[in-house]
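The values are calculated or read from the model by the stated rules, or taken from the named source; none is laboratory data. Keep in mind the model is a prediction, meaning the values are calculated, not measured. Reconstructed Cβ throughout: ideal geometry from the backbone, glycine too, with neighbour counts over all protein chains shown. Heavy atoms of the whole protein, side chains included, go into the accessibility calculation; ligands, DNA and RNA do not. Shrake-Rupley method; radii C 1.70, N 1.55, O 1.52, S 1.80 Å.
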Amino acid sequence: MSHAETPYADRIKVLDLPAKVRLLTGASGFSLHAEDRIGLAEMHVSDGPTGVRGLTFIGGREVTLFPNATLLASTWDPEVLAEVGGLLAEEARAQSISLVLGPTINLHRSPLGGRLFEAFSEDPYLTGVLAAAYVNGLQGRGIGACPKHLVGNESETLRNTMNSVIDEQTLREVYLLPFELAVTRSHPWSIMAAYNDVNGITATENTKINTGVLRHEWDWDGVLVSDWFATKSAAPAANGGLDLVMPGPIGPWGDALVEAVGRGEVDEQTIDEHLSRLLLLAERAGRLDGPAIDDDTVPGPDSPVRREQMTRIAARGMTVLTNRDAALPLRSEQRVALIGRHAIETIGMGGGSAQVNTPHQVSVADAMADRFAGLTVTDGVEFRGRQPRARTEFLTDPETGNPGLRISTHTADGTIIDSAHSLVAATTVEPGGEVDHVSFTAIVRGDGPVLLGGLGVGDFTVKAGGTTHTLSVAASGDGFAEDLLAPPGEAVEVDLGDDRTVSLTARAGFDGVGNLAFLGLIARPTPRDAEAAIVEARSAAAAADVAVVVVGLSEEQETESVDKTTLTLPGRQDDLVRAVAEVATRTVVVINAATPVLMPWRDHVDAIVVAGLPGQEAGAAITAALLGKVEPAGRLVTTWPMADVESAAWTVTPDADGSVVYAEGTFVGHRAHHAELQPAPAFWFGHGLGYSTWSYENAHLVEADSPTVRLDLTNTGGRDSTEIVQLYLDPTDSSQPVRLVGWTVVHLAAGEARNVTVAADPIMLRTWQDGWVPLPLEGRLLVARGLGDLRASLVLGHQTPPR
């Protein structure tokens, strides 16, 4: 492409080389440079998987906290994902954000992945179809999407240096497929390149993928942006297809890239092509000769309309795993014993860059208090190993008397630089800057002793209850940005007495990530003795009609930058469930976690519901689901194994060569279990009961060359309900795994019947053999409610009984 042929050539030629290169690195952490000479306005970007946080990493304005991605995906409904995309666009417009950094479309390869809560599924087809709907919903409202992370970023351990070793067939059929579906069916305005290497080549420099596949094969014209601090070079990255380095203004391009052009290592035409794509993004976002994005009509995060939307969407995605003798839905006249620390401290979001400043996170205890006259609430056992930052609903600002706390920054001599009320018990500082230390001051609500301390690498002084304690926190691990995204902490137990005012002074002890260090306040009730908590829970359960036990994980296990080591519930939560089930008339267990956990007690309880990380209305959504006000119609998006290690891919720690080898190939997740390469799971991919029963009759092929199945579906239960009719291809060739090839979402009234058609998507009827070739249509089409509940098995051309 000659200079004259470059789109926006008339604008680009106005700029000299340094001016052009300047635009290809961010202006700050979450903004892009303006250039008045060519009509380019500043553009803002924001993290966005569970809410549009805005331009501030910690704190900032209050925004809506959405249900996590796995919970959204559990609806299996593109219409829900499109609705969410549209709502995120509203949130972005209210903050003048042009580009939302999401969705995350890496796969649930190993259930140990710490960041799985941000991603949709283990299945590439389900992920890609839902991602396209999300992107269309977002971009249809004028805000750009940025699917991430291209590619092979399925784990967090040493993510910025590890090498994902993936054979070409697996790369094409599994890990690139979600990106291909997103590109070809929604044309995202940008895509984010990952931290890791792929087959020995850094993702930001991978010409084969970034140029060969993304641009030439898929004909994509969007902006390829680096993950934050992922770019490691000037010329190799610029020649490797990367368009934009983030964050800025300092980065590996700048003068180094100008010099590389001068040495002939990079053609200036390549710079013009990168800039042309950036200007196309600006035009699409209305930032090229356009007015600033602003919309002050967007409902606030605590408005009735947002609260209804978040409750409904979260409850819809919850999944009923078991429901013996119709233990669910509950009835408001029942005497309910609500048990568990997660019932009081319900977890609405995971850790890392997905966190937002939300106005509230409704607990199950608070939500149920208005719904059950005979409710008792019993605290459970401690589930945290690492202390979290204080939840500000338990704090009061001593100056204003409002919920929250007071955060002040100081010079070395103690002079106050700034002092402000905050609803987030943490901040970030730039080590070496004007701020020498930070003070956190609050009144802790309640009574009894509390744990007080500091989060982040640094030195802390706690003053409370007439005592002073000095703490020092060292770096916790070697994960990239771990001390910013999953900060370590230290705390001491303090008996506050009548004066419950606490003060924490904090000094950062390292240079931070991108010169940004995290500091936060720990303030929470001292955990009860586990044995005493279990005894009290048994007593409450024995006196009730039904015991609802809420257990789960936290941002300690479900977080960016750190992977899990086991699927076992932390602490003595399993002991708590067993103890309750022994004495309760009925036991319902709610799993407040986004990803699989082990359930050794599953055969001893009456019902199990997976609630995910339900966002700001967590407790309200769980209550609505348990009462049946909103049907929990979710289906599992990931296989839940029976035990640790029983997964096709388990290890996430790089080997001695720094590599994670995807040795299972295309047999990932449910594909491996179905092929009996792994033991039968506890719960299959696609499983979910909802609150009704279903009849599948007369399933038959109506088109054999382009496989399409038609069947009579009847809601045989007594409630209006939602069914997800799933279609899988089980090839005769044992080298080819079973695969999801289509599904449809059907809403039927009680007793209603409908003739339903499900077509196999042509994109799933091919295989990579040094190029795409048709997959032989030999084998069975499985009509299912999940791979553990097959309703029909069709050989191409005629029907055979289900196996």
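For (1) under 28 Å from the mean Cα position of the chain (by Cα); (2) open to solvent by 30 Å² or more (accessible area, probe 1.4 Å); (3) in contact (Cβ under 8 Å) with a residue 12 or more places away in the chain, each residue gets a yes or a no:
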{"residue": "Glu217", "(1), (2), (3)": "no, yes, no"}
{"residue": "Val225", "(1), (2), (3)": "yes, no, yes"}
{"residue": "Lys232", "(1), (2), (3)": "yes, yes, yes"}
{"residue": "Ala235", "(1), (2), (3)": "no, no, yes"}
{"residue": "Gly240", "(1), (2), (3)": "no, no, yes"}
{"residue": "Trp253", "(1), (2), (3)": "no, no, yes"}
{"residue": "Leu257", "(1), (2), (3)": "no, no, yes"}
{"residue": "Ile271", "(1), (2), (3)": "no, no, yes"}
- Task: Look through the stretch 474-497, keep the residues that are within 21 Å of Ala194 (Cα to Cα) and of a type outside the set (Gly, Ala, Ser), and return whichever of them is surrounded by the fewest Cβ atoms within 10 Å (Cβ to Cβ).
- Result: Asp478
- Message: Please go through the stretch 512-551 and give me each residue that is farther than 27 Å from Ala369 by Cα and β-branched (Val, Ile, Thr), ordered by number.
- Response: Val513, Ile522
- Query: Does Arg324 qualify as being in contact (Cβ under 8 Å) with a residue 24 or more places away in the chain, among the basic types (Lys, Arg) and in contact with a Pro (Cβ under 7 Å, 6 or more places away or on another chain)?
  - Reply: no
- Task: Tell me, yes or no, whether the stretch 735-754 has at least one residue that is basic (Lys, Arg), open to solvent by less than 50 Å² (accessible area, probe 1.4 Å) and out of contact with any Gly (no Cβ under 8 Å at 6 or more places or on another chain).
- Result: yes
- Query: Is there a residue in the stretch 291-298 that is open to solvent by 10 Å² or more (accessible area, probe 1.4 Å) and over 30 Å from Gln361 (Cβ atoms)?
  - Reply: yes
- Query: For the stretch 344-376, which residues satisfy the criterion of being within 21 Å of Asp529 (Cα to Cα) and free of Cβ contacts under 8 Å to residues at least 40 places away in the same chain?
  - Reply: Ile344
- Looking at the stretch 408-423, is at least one residue of a type outside the set (D, E, K, R), open to solvent by less than 40 Å² (accessible area, probe 1.4 Å) and within 18 Å of Glu493 (Cβ to Cβ)? no
- Note on the structure: Filter the stretch 428-450 for residues that are surrounded by 20 or more Cβ atoms within 10 Å (Cβ to Cβ), under 30 Å from the mean Cα position of the chain (by Cα) and not polar (S, T, N, Q); the one that is nearest to Arg528 (Cα to Cα) is Phe440
- Regarding Val709, is this residue of a type in the set (A, V, I, L, M, F, W, C) and under 33 Å from the mean Cα position of the chain (by Cα)? no
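State which residue is most open to solvent (accessible area, probe 1.4 Å) when the search covers only the stretch 152-174 and only residues that are assigned to a loop (DSSP other than H, G, I, E, B) and farther than 14 Å from Val668 by Cβ.
Narrowing the stretch 152-174 to residues assigned to a loop (DSSP other than H, G, I, E, B): 152-162, 166-167.
With the extra rule that they be farther than 14 Å from Val668 by Cβ, the set shrinks to 153, 156-162.
Values: Asn153: 11, Glu156: 3, Thr157: 35, Leu158: 57, Arg159: 1, Asn160: 41, Thr161: 86, Met162: 4 Å².
Residue satisfying both the conditions and the ranking: Thr161.
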- Note on the structure: Listed by range, strands (runs of 3 or more DSSP E) wholly within the stretch 498-597 having at least 3 residues that are open to solvent by 10 Å² or more (accessible area, probe 1.4 Å) and closer than 30 Å to Trp228 by Cβ are 501-508
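Could you pull out the residue among Arg61, Arg22, Arg11 that is modelled with pLDDT under 95 and open to solvent by 30 Å² or more (accessible area, probe 1.4 Å)? I'd like the intermediate steps shown before the answer.
Details: Arg22 fails: modelled with pLDDT under 95; Arg11 fails: modelled with pLDDT under 95.
Exactly one of Arg61, Arg22, Arg11 is modelled with pLDDT under 95 and open to solvent by 30 Å² or more (accessible area, probe 1.4 Å), namely Arg61.
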- Message: Suppose we keep only residues that are part of a strand (DSSP E or B) and over 17 Å from Arg389 (Cβ atoms) within the stretch 451-466. Which one would you say is most open to solvent (accessible area, probe 1.4 Å)?
- Response: Lys463
- Query: of a type in the set (D, E, K, R), part of a loop (DSSP other than H, G, I, E, B) and under 34 Å from the mean Cα position of the chain (by Cα) - does that describe any residue in the stretch 746-756?
  - Reply: no
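Output the number of residues of the stretch 295-350 satisfying the condition of being more than 18 Å from the chain's Cα centre (by Cα) and either over 29 Å from Asp606 (Cβ atoms) or outside any helix (DSSP H, G or I) (or both).
Of the residues in the stretch 295-350, the ones more than 18 Å from the chain's Cα centre (by Cα) are 295-309, 312, 320-345.
Going one step further and asking which of them are either over 29 Å from Asp606 (Cβ atoms) or outside any helix (DSSP H, G or I) (or both), we end up with 295-309, 320-323, 327-340, 345.
Residues meeting the conditions: 34.
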- For Trp650, are the conditions met, namely being in contact (Cβ under 8 Å) with a residue 40 or more places away in the chain, aromatic (Phe, Trp, Tyr) and either open to solvent by less than 30 Å² (accessible area, probe 1.4 Å) or in contact with a strand residue (DSSP E or B) (Cβ under 6 Å, 6 or more places away or on another chain) (or both)? no
- Task: Could you check the stretch 627-725 for strands (runs of 3 or more DSSP E) lying wholly inside it with 1 or more residues that are more than 30 Å from Thr565 (Cα to Cα)?
- Result: 694-703, 708-715
- Query: Which members of the stretch 365-394 meet the condition of being open to solvent by less than 20 Å² (accessible area, probe 1.4 Å) and either outside any strand (DSSP E or B) or modelled with pLDDT under 95 (or both)?
  - Reply: Ala365, Ala367, Met368, Phe372, Gly380, Val381, Phe383, Pro388, Ala390, Thr392
- Sole miss for His342 among (1) under 30 Å from Pro596 (Cα atoms); (2) surrounded by fewer than 22 Cβ atoms within 10 Å (Cβ to Cβ) is condition (2)
